[in-house]
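Heads up, the thing below is written out as structure tokens.
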Ligand SMILES: [Zn+2]
Ligand SMILES: [Zn+2]
């Protein structure tokens, strides 16, 4: 999976080209790599399969949209949901949170919708219910989604003779397409419903309550089954995908379930030790003990005070990175005290500092000797 080629690259097209262009390119490449024409070329079959796979995704508006937006995981999401299993993808969360088996409807359903919502880190830690206005379409009440004026019926499509599909292409590539006249329904509307103009659906602004679980991370997508666009008559509506974005916090960063925070401390605190209270994203402030002799950039770990675990289980830890801060402005009094301290150090260098300078002097003396010796 590491080096999967981009579908657009495989089909040798630019992102954003129209369906016709995709189809043309697919046909050309499928001909080129067809196993029947490539006897003895061991790569051909793989290429042929690759081209087919890319086309399967890009020809489908829905899949293509998801691929453009999320890349391969977007495609695997629907596959995962279809198979009601799969592991390792962040999209497994669909199954965990909504509907268990992830029972995605057959293709006879409405289009899926995607929206984004921005929350802050504290909301991600606690979990939150968001009300989101979703512009979607709803099945028309007057005609129950049929699009026909009440009392009237659809008539058989003349273009496809009610088959809903037409065959196109020549040679060994005959592609069955949805009939352009009836959109694959096999029927057309002679007397359209006034309320929806024959579409069978009406646009609505629906307020949807989205339960965002505690511990959710930036980039997680939640699926709300049935909150997408209305389906064709009697078909199920599509799904709504809510992409969660988590706003950057000025003090706390996230690493998996751990939270990381950088805290400055002074020479005096480092030398003597101290204790302080650190305000936290959730819960009471954390009591931090600075042990005497703490070095700069050392990390103090506070177990269980990170982010909650989205899948249950133990929460992450809080990692406090202690940054020793050198004072920039000194009062006269501080200056005197630091001078006094320095005089003391000059006369009685600390063991570590002393041994460092001994070691580095010896090192250079040693290498100078060895050059001489040659
Ligand atoms: Zn209607
Ligand atoms: Zn037709």
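The values are calculated or read from the model by the stated rules, or taken from the named source; none is laboratory data. Note that the coordinates shown come from a computational prediction; the quantities given were computed from them, not determined experimentally. No Cβ is skipped: glycine too gets one built from the backbone with ideal geometry, and neighbour counts run over all protein chains shown.
If you check 183, 198, which single one turns out to be outside any strand (DSSP E or B), within 16 Å of ligand 2 (Cβ to nearest atom), free of Cβ contacts under 8 Å to residues at least 12 places away in the same chain and surrounded by fewer than 21 Cβ atoms within 10 Å (Cβ to Cβ)?
Details: 198 fails: free of Cβ contacts under 8 Å to residues at least 12 places away in the same chain.
After applying the criteria, what remains is 183.
What is the one condition in (1) in a loop (DSSP other than H, G, I, E, B); (2) modelled with pLDDT of 90 or more; (3) surrounded by fewer than 12 Cβ atoms within 10 Å (Cβ to Cβ) that residue 336 does not satisfy?
(1)
Which of the numbered conditions does residue 203 fail, given that it passes all the others? Conditions: (1) surrounded by fewer than 21 Cβ atoms within 10 Å (Cβ to Cβ); (2) part of a loop (DSSP other than H, G, I, E, B); (3) within 16 Å of ligand 1 (Cβ to nearest atom); (4) within 31 Å of the chain's Cα centre (by Cα).
Unmet condition: (2).
Does any residue of the range 152-162 turn out to be away from ligand 2 (no atom under 16 Å from the Cβ), more than 22 Å from residue 109 (Cβ to Cβ) and either modelled with pLDDT under 85 or surrounded by 12 or more Cβ atoms within 10 Å (Cβ to Cβ) (or both)?
Yes: the range 152-162 contains one or more residues that are away from ligand 2 (no atom under 16 Å from the Cβ), more than 22 Å from residue 109 (Cβ to Cβ) and either modelled with pLDDT under 85 or surrounded by 12 or more Cβ atoms within 10 Å (Cβ to Cβ) (or both).
Output yes when any residue across the range 239-250 is more than 26 Å from residue 115 (Cβ to Cβ) and touching a strand residue (DSSP E or B) at 6+ places or on another chain (Cβ under 9 Å), and no when none is.
Residues of the range 239-250 that are more than 26 Å from residue 115 (Cβ to Cβ), as a first pass: 250.
Okay, now just the ones that are also touching a strand residue (DSSP E or B) at 6+ places or on another chain (Cβ under 9 Å), so none.
No, the range 239-250 contains no residue that is more than 26 Å from residue 115 (Cβ to Cβ) and touching a strand residue (DSSP E or B) at 6+ places or on another chain (Cβ under 9 Å).
Report yes if residue 319 is in a strand (DSSP E or B) and either touching a helix residue (DSSP H, G or I) at 6+ places or on another chain (Cβ under 9 Å) or closer than 20 Å to residue 124 by Cα (or both), otherwise no.
Numbers: in a strand (DSSP E or B): yes; either touching a helix residue (DSSP H, G or I) at 6+ places or on another chain (Cβ under 9 Å) or closer than 20 Å to residue 124 by Cα (or both): yes.
Considered against the rule, which asks whether it is in a strand (DSSP E or B) and either touching a helix residue (DSSP H, G or I) at 6+ places or on another chain (Cβ under 9 Å) or closer than 20 Å to residue 124 by Cα (or both), residue 319 comes out as yes.
Given the structure, is residue 143 within 16 Å of ligand 1 (Cβ to nearest atom), out of contact with any strand residue (DSSP E or B) (no Cβ under 7 Å at 6 or more places or on another chain) and farther than 29 Å from residue 66 by Cβ? Please lay out each step first, then the result.
Working: within 16 Å of ligand 1 (Cβ to nearest atom): yes; out of contact with any strand residue (DSSP E or B) (no Cβ under 7 Å at 6 or more places or on another chain): yes; farther than 29 Å from residue 66 by Cβ: yes.
In short, yes.
Do we find that residue 274 is farther than 16 Å from residue 113 by Cα, within 16 Å of ligand 1 (Cβ to nearest atom) and in contact (Cβ under 8 Å) with a residue 12 or more places away in the chain in this structure?
Values: farther than 16 Å from residue 113 by Cα: yes; within 16 Å of ligand 1 (Cβ to nearest atom): no; in contact (Cβ under 8 Å) with a residue 12 or more places away in the chain: yes.
Here the answer is no, as residue 274 does not meet what is asked.
Being assigned to a loop (DSSP other than H, G, I, E, B), within 15 Å of residue 232 (Cβ to Cβ) and more than 14 Å from ligand 1 (Cβ to nearest atom) is the filter here; which residues of the range 186-195 pass it? Reasoning before the result, please.
First, pick out the residues of the range 186-195 that are assigned to a loop (DSSP other than H, G, I, E, B): 186, 190-191, 193-195.
Of the ones still in play, those that are also within 15 Å of residue 232 (Cβ to Cβ) are 186, 193.
Correct list: 186 only.
Quick one: is residue 222 under 21 Å from residue 140 (Cβ atoms), crowded, with 18+ Cβ neighbours inside 10 Å, away from ligand 1 (no atom under 16 Å from the Cβ) and touching a residue at least 60 places away in the same chain (Cβ under 8 Å)?
Values: under 21 Å from residue 140 (Cβ atoms): no; crowded, with 18+ Cβ neighbours inside 10 Å: yes; away from ligand 1 (no atom under 16 Å from the Cβ): yes; touching a residue at least 60 places away in the same chain (Cβ under 8 Å): yes.
It is false that residue 222 is under 21 Å from residue 140 (Cβ atoms), crowded, with 18+ Cβ neighbours inside 10 Å, away from ligand 1 (no atom under 16 Å from the Cβ) and touching a residue at least 60 places away in the same chain (Cβ under 8 Å).
For the range 146-180, enumerate the residues that are within 16 Å of ligand 1 (Cβ to nearest atom), without any contact (Cβ under 8 Å) to a residue 40 or more places away in the chain and part of a loop (DSSP other than H, G, I, E, B).
In the first step, residues of the range 146-180 are kept if they are within 16 Å of ligand 1 (Cβ to nearest atom); the result is 146-154.
Add one more test, that the residue is without any contact (Cβ under 8 Å) to a residue 40 or more places away in the chain, and what stays is 151-154.
Answer for the range 146-180, where residues must be within 16 Å of ligand 1 (Cβ to nearest atom), without any contact (Cβ under 8 Å) to a residue 40 or more places away in the chain and part of a loop (DSSP other than H, G, I, E, B): 151, 152, 153.
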